[in-house]
Amino acid sequence: MTATLRAGIIGTGFMGAVHSHAVRAAGSTVSAVAGSSQASAEAARAGLGAQAAAATPEALIARDDVDVVHICTPNATHADLARKAIAAGKAVICEKPLATSVDDAAELTDLARQAGVTAAVPFVYRFYPAVREARDRIRAGEAGRLWLLHGSYLQDWLAGAEASNWRVDSKLGGASRAFGDIGVHWCDLMEFTTGHKITRIMASTSRAYGQRETGGTLSSVATEDGATILFETDNGAAGSLVVSQVSPGRKNRLWFSFDGTEASFSFNQERPGTLHIGRTDASTDVPVGPQTLSTPGGRRYAMLPPGHPQGYQDSFNAFVADTYAAVRGQEPEGLPTFRDGLRAALLTDAVVASAAQQSWVTVPTTGNRSLTSSPAVERQKQ
Ligand code: SOE
């Protein structure tokens, strides 16, 4: 492997561009891009700063000048491409969801471990300095006993029956849309920041539009526009989460409040320049910056002075930089791996099962996961 890691990006959409910026910010190069056709790869090549356009994803994976394969394609294609990249001995960054089934996500997690390759999933909200600051302070006991974990993740880009995207189609996006696309980010962030694990879920899913229009044709929608979720954790906390992709005016509002007996910590992704710490006597909006944050985690990721907000792309850059450090043999703390992708698949499975059964569903842990405890497998047996 050369000193400068070389990326191959599969996927020419919004996420392909975000990945390519992050690769270059990490001082690496994009050797090649692949799309749904040679022509789409050619069309995207210059914009992504790639040296070459590969004819197919398989041709990209096989290239000697690709060390890390970035998979940024529709969800249903992730498992097959990740399997091929691992088989070729490449490091992999696979967009979430890692796979549209628990079985595939579990298999990929095992394959990556057996092959000894770095395999990461971009749960990038972990890389906001304010989030790391909250995590370190919670770990140090500042919150007291966390008992209530709540929040929401709201977007509006699918408002309007004519708003369409491959994610709406369950064959391409998977059985869950709003939860599988963005709810998993919130759950990952909650578990990462608080150290709590969700043990049980009660979910209700709903649609703002029963039908959506694509190219003048109306078709029924099987995936949810939103979900309301109650949960419990292994450390005795209760929680709730509202997820929606049809909340007009909310662009990408991931918000949480983690409430303890001594303090509550809350964060809004659209206002990443502060971390709110609530106390009964005095509350503070801690400005994000290397001088104003006080914990190692916060300071590690804060690059700019307070008042100069770091946002989504910066967090993505930090994620890719840490993944590439792992490829070089380092062990960056808090890197989201395929095991976290499997965790998200288990949570998604539980949400889908709970909404269908209208009852509480137990979420297996990734450590002791067995196929018999997967809600999907239980459903198949019935
Ligand atoms: C679209 O909902 C999307 O791009 C998600 O797919 C990303 O994971 C999220 O970070 C931003 O919104």
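Filter the range 239-250 for residues that are within 16 Å of the ligand (Cβ to nearest atom) and in a strand (DSSP E or B); which is most open to solvent (accessible area, probe 1.4 Å)?
242
Checking each residue in the range 256-293 for being within 16 Å of the ligand (Cβ to nearest atom) and buried (at least 20 other Cβ atoms within 10 Å of the Cβ) picks out 256, 267, 269, 272.
Take the conditions (1) over 17 Å from the mean Cα position of the chain (by Cα); (2) of a type in the set (Lys, Arg); (3) open to solvent by less than 70 Å² (accessible area, probe 1.4 Å); residue 253 misses just one of them, which is (1).
Out of 160, 151, 174, one residue alone is farther than 20 Å from residue 351 by Cα and within 16 Å of the ligand (Cβ to nearest atom). It is 160. Out of 33, 69, one residue alone is closer than 22 Å to residue 332 by Cβ and crowded, with 18+ Cβ neighbours inside 10 Å. It is 69. Based on what the data block shows, is residue 199 under 27 Å from residue 236 (Cα atoms) and either crowded, with 22+ Cβ neighbours inside 10 Å or within 18 Å of the chain's Cα centre (by Cα) (or both)? Criteria not met by residue 199. Might you let me know whether the range 333-347 holds any residue that is more than 18 Å from the chain's Cα centre (by Cα), more than 23 Å from residue 252 (Cα to Cα) and not aromatic (Phe, Trp, Tyr)? Checking the range 333-347: not a single residue is more than 18 Å from the chain's Cα centre (by Cα), more than 23 Å from residue 252 (Cα to Cα) and not aromatic (Phe, Trp, Tyr).
Within the bounds of the range 116-126, is there any residue that is small (Gly, Ala, Ser) and in a loop (DSSP other than H, G, I, E, B)? Within the range 116-126, one or more residues are small (Gly, Ala, Ser) and in a loop (DSSP other than H, G, I, E, B). When 249, 216 are screened for being in contact (Cβ under 8 Å) with a residue 12 or more places away in the chain and on the phi > 0 side of the Ramachandran plot, only 249 passes. If you check 356, 325 for being part of a helix (DSSP H, G or I), free of Cβ contacts under 8 Å to residues at least 60 places away in the same chain and more than 21 Å from the chain's Cα centre (by Cα), only one passes: 356.
Please indicate, with yes or no, whether at least one residue in the range 220-238 is in a strand (DSSP E or B), modelled with pLDDT of 95 or more, within 16 Å of the ligand (Cβ to nearest atom) and open to solvent by 50 Å² or more (accessible area, probe 1.4 Å). No - not one qualifying residue is present in the range 220-238. For the range 19-28, the criterion of being surrounded by fewer than 16 Cβ atoms within 10 Å (Cβ to Cβ), on the phi < 0 side of the Ramachandran plot, modelled with pLDDT of 95 or more and in contact with a helix residue (DSSP H, G or I) (Cβ under 8 Å, 6 or more places away or on another chain) is satisfied by at least one residue.
Residue by residue, here is whether (1) away from the ligand (no atom under 16 Å from the Cβ); (2) in contact with a strand residue (DSSP E or B) (Cβ under 7 Å, 6 or more places away or on another chain); (3) open to solvent by less than 50 Å² (accessible area, probe 1.4 Å) holds:
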position: 108; (1), (2), (3): yes, no, yes
position: 120; (1), (2), (3): no, yes, yes
position: 131; (1), (2), (3): no, yes, yes
position: 143; (1), (2), (3): yes, yes, yes
position: 165; (1), (2), (3): no, no, yes
position: 203; (1), (2), (3): yes, yes, yes
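Among the residues of the range 140-198, the ones that are among the charged types (D, E, K, R) and closer than 17 Å to residue 126 by Cα come to 4 in all. With a requirement of 1 or more residues that are touching a residue at least 40 places away in the same chain (Cβ under 8 Å), the strands (runs of 3 or more DSSP E) lying completely within the range 1-74 that satisfy it span 6-10, 50-53, 68-71. Take the range 11-29 and flag every residue that is under 16 Å from residue 65 (Cβ atoms) and within 16 Å of the ligand (Cβ to nearest atom). Hit for the range 11-29 is 20, nothing else. A search for C-beta distances below 7 Å between a residue of the range 151-165 that is outside any strand (DSSP E or B) and any residue that is near the ligand (Cβ under 10 Å from one of its atoms) and basic (Lys, Arg), counting only pairs 6+ apart in sequence or on different chains, returns 155/251; 156/251. The set of residues from the range 279-306 being more than 16 Å from residue 140 (Cα to Cα) and of a type in the set (Gly, Ala, Ser) comprises 282, 283, 289, 302.
Return yes when residue 329 is closer than 19 Å to residue 28 by Cα, open to solvent by 30 Å² or more (accessible area, probe 1.4 Å) and not hydroxyl-bearing (Ser, Thr, Tyr) and no when it is not. For residue 329, the condition - closer than 19 Å to residue 28 by Cα, open to solvent by 30 Å² or more (accessible area, probe 1.4 Å) and not hydroxyl-bearing (Ser, Thr, Tyr) - is met.
The values are calculated or read from the model by the stated rules, or taken from the named source; none is laboratory data. Not measured: the values here are computed from a predicted model. Backbone-built Cβ (ideal geometry, glycine too); neighbour counts: all protein chains shown. Quick note on the areas: whole protein, heavy atoms, side chains included, nothing else; ligands and nucleic acids left out. Shrake-Rupley method; radii C 1.70, N 1.55, O 1.52, S 1.80 Å.
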